[in-house]
Amino acid sequence: MDIQAGFFYLFSAVLLFSAFRVVTARNPVHAVLFLMLAFSQAAGIWLLLKAEFLAITLVLVYLGAVMVLFLFVVMMLDINIDSVRQGFWKHFPLALGVGAVITLEMAAVLKGGFSAAQAPEMQAVLAAVNVGNTKMLGGLLYTQYLYPVQIAAVILLVAMIAAIALTLRERKTTKKIDPSIQVRAKAADRLVVVSMQATQAAPAVEEAAAPAEETKR
């Protein structure tokens with residue numbers, strides 16, 4: 001067994017353990033941390049397969065943004081673990097069946113869809129054209145798969161706008177300014193010039209204090 005195979009088994013073992021702990025961890029924060037560990041091990045496996053773009057994307061997008069957001073959200077929410085775990089054993093047979101079906105489908109795809117002879121051929125093609133897999137992937141996305149990429153971008157844009165529209169609610173306690181009122185505002189409506197004398201005579205303090213002293217005497 002060479003070094004590459006050893007790292008593959010190491011990453012795979014840690015990935016399976018962390019994925020199992022994501023489901024079985026009692027603390028939600030620990031579950032999120034185990035999920036981050038699983039993503040990092042998956043990125044290592046992508047590096048072993050010489051898919052640097054996918055590995056870096058997995059680290060930057062999921063570990064750098066999405067999972068950090070999940071972690072902060074889980075830490076801020078007060079999750080009642082007892083209410084979440086209610087009905088676990090009731091739905092466990094259904095979940096086990098769905099998991100078994102997905103496992104069989106993945107095994108069928110991995111067994112019949114890929115062969116070991118395709119890897120050297122792909123490496124030979126990349127070496128012949130002297131380009132990396134990142135450049136080739138970009139060329140495929142924006143040439144052969146241009147329309148699917150554009151459709152996916154439009155779907156994500158619609159989803160983002162819908163999420164903003166659903167969460168944007170007017171509250172009575174929120175202070176906001178109407179932009180149309182700001183545009184129509186004039187200087188005369190906001191600023192009032194009051195004419196006042198430049199200098200005023202100071203009151204006679206000594207003269208006012210003298211009668212008070214006489215009354216005391």
Any hit, the range 24-38, residues being among the basic types (Lys, Arg), on the phi > 0 side of the Ramachandran plot and modelled with pLDDT under 85: no
Exclusive hit being farther than 29 Å from GLY138 by Cβ, surrounded by 10 or more Cβ atoms within 10 Å (Cβ to Cβ) and at pLDDT 80 or above, set PHE53, PHE92: PHE92
Single residue of the range 117-158 satisfying the filter (of a type outside the set (A, V, I, L, M, F, W, C), closer than 20 Å to GLU52 by Cα and surrounded by 11 or more Cβ atoms within 10 Å (Cβ to Cβ)) that is modelled with the highest pLDDT: TYR142
LYS175 among the basic types (Lys, Arg) and modelled with pLDDT under 80: yes
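Hey, any hits in the range 32-46 for a residue that's without any contact (Cβ under 8 Å) to a residue 12 or more places away in the chain and assigned to a helix (DSSP H, G or I)?
No, the range 32-46 contains no residue that is without any contact (Cβ under 8 Å) to a residue 12 or more places away in the chain and assigned to a helix (DSSP H, G or I).
The values are calculated or read from the model by the stated rules, or taken from the named source; none is laboratory data. Source: prediction; values computed, not measured. No Cβ is skipped: glycine too gets one built from the backbone with ideal geometry, and neighbour counts run over all protein chains shown.
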